[in-house]
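Written out below as structure tokens is the structure these notes cover.
What follows draws every value from the coordinates through simple rules; no lab data is involved. Fair warning: this is a prediction, and the values are worked out from it, not measured in the lab. A quick note on method: Cβ atoms are made from the backbone with ideal geometry, for glycine too, and the neighbour counts reach across all protein chains shown.
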């Protein structure tokens, strides 16, 4: 049996520490904004959604899957309908 490389052991320890820190941070910051993210107003979300080109839609579909894009469409149409109902 071969001996485990020292760098492998160090990497494993670092991964364990990072995992523990991440779990603890998730508990401490639960219910807050995601890291380095600012809230976007519904109006800005709608404006961004309306500016999605077919090329961007195809890229989103390739990156996240067609189901995710369909879900985004449904959520945005619901938001648009709510906004029109309040206007």
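Between residue 24 and residue 55, what length in nm is gained on full extension when 0.36 nm per residue of separation is reduced by their alpha carbon distance? Walk me through the numbers on the way to the answer.
Values: separation 31, 0.36 × 31 = 11.16 nm, distance 3.98 nm.
So the chain would gain 7.2 nm between residue 24 and residue 55.
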Under the Debye formula (equal points on every Cα, no solvent term), log10 I(q)/I(0) of the range 6-86 at q = 0.12 Å⁻¹: -0.63
Roughly what would the spin-label model give for residue 84 and residue 41, points 7 Å off Cα along C-beta, in nm? 2.1 nm
Projected label distance in nm at residue 48 and residue 63, using a 7 Å step from Cα toward the beta-carbon: 1.1 nm
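Suppose only helical runs count, i.e. DSSP H with n ≥ 4. What mean residue ellipticity at 222 nm does that imply for the chain under -39500 (n - 2.57) per run, divided by all residues and rounded to the nearest 500 deg cm²/dmol?
Working: 4 runs with 64 residues, N = 87.
Estimated from H runs of four or more residues: -24500 deg cm²/dmol.
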Residue-span extension gain [residue 73 to residue 10] - 0.36 nm each, minus C-alpha spacing: 18.2 nm
